[in-house]
Amino acid sequence: MRDFSISGSRESAFAHALAAAGVAYAISRACKDGQLSSCGCSRMRRPKDLRKDWVWGGCGDNLEYGYKFTQTFVDITEKERRYKRGARAQGKSLMNLHNNEAGRRVSR
């Protein structure tokens, strides 16, 4: 059986993007809900395209904090390692970082 985590397949790319998006979403929501002491609500104002009859509570998901936290937390495994320049493992690591970024951008 083929190990997709080593080979750098489309499936592993999707898994990296999905994991990064999930972490960013969970952290953003936890900030808004007051479950993390290091952050709080987003500072964004009422969205202009929000219907006038909807009540705006003023406390949205803190997507900025979730994005930054995910960059540090999810990418650390790829950034800790040192690879020989041009090695296959270096290419896979750069691809994983790219896929993590893609997942974070989707969650925004």
request  = Residue by residue through region 37-48, note down the ones that are over 12 Å from Phe69 (Cα atoms) and modelled with pLDDT of 80 or more.
outcome  = Ser37, Lys48
query = Which residues, taken from region 52-86, are at pLDDT 85 or above and more than 28 Å from Asn99 (Cα to Cα)?
reply = Asp53
task = Note down all Cβ pairs under 8 Å where the first residue falls in region 1-19 and is at pLDDT below 70 and part of a helix (DSSP H, G or I), the second is surrounded by fewer than 14 Cβ atoms within 10 Å (Cβ to Cβ) and of a type outside the set (Ser, Thr, Tyr), and they're at least six residues apart or on different chains.
result = Phe4/Glu11
So Gly103, is it within 19 Å of the chain's Cα centre (by Cα) and buried (at least 17 other Cβ atoms within 10 Å of the Cβ) = yes
key: Complete set of residues in region 59-108 that are without any contact (Cβ under 8 Å) to a residue 24 or more places away in the chain and aliphatic (A, V, I, L, M)   = Ile76, Ala87, Ala89, Leu94, Leu97
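Residue-by-condition table, conditions (1) loosely packed, with under 15 Cβ neighbours inside 10 Å; (2) in a helix (DSSP H, G or I):
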| residue | (1), (2) |
| --- | --- |
| Gly22 | yes, yes |
| Tyr25 | no, yes |
| Ser28 | no, yes |
| Gly34 | yes, no |
| Cys39 | no, no |
| Trp54 | yes, no |
| Glu64 | no, yes |
| Tyr67 | no, yes |
| Thr72 | yes, yes |
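The values are calculated or read from the model by the stated rules, or taken from the named source; none is laboratory data. Because the structure is predicted, anything quoted here is derived from the model rather than measured. Don't worry about glycine lacking a Cβ; one is built from the backbone with ideal geometry, like all the others, and counts go over all protein chains shown.
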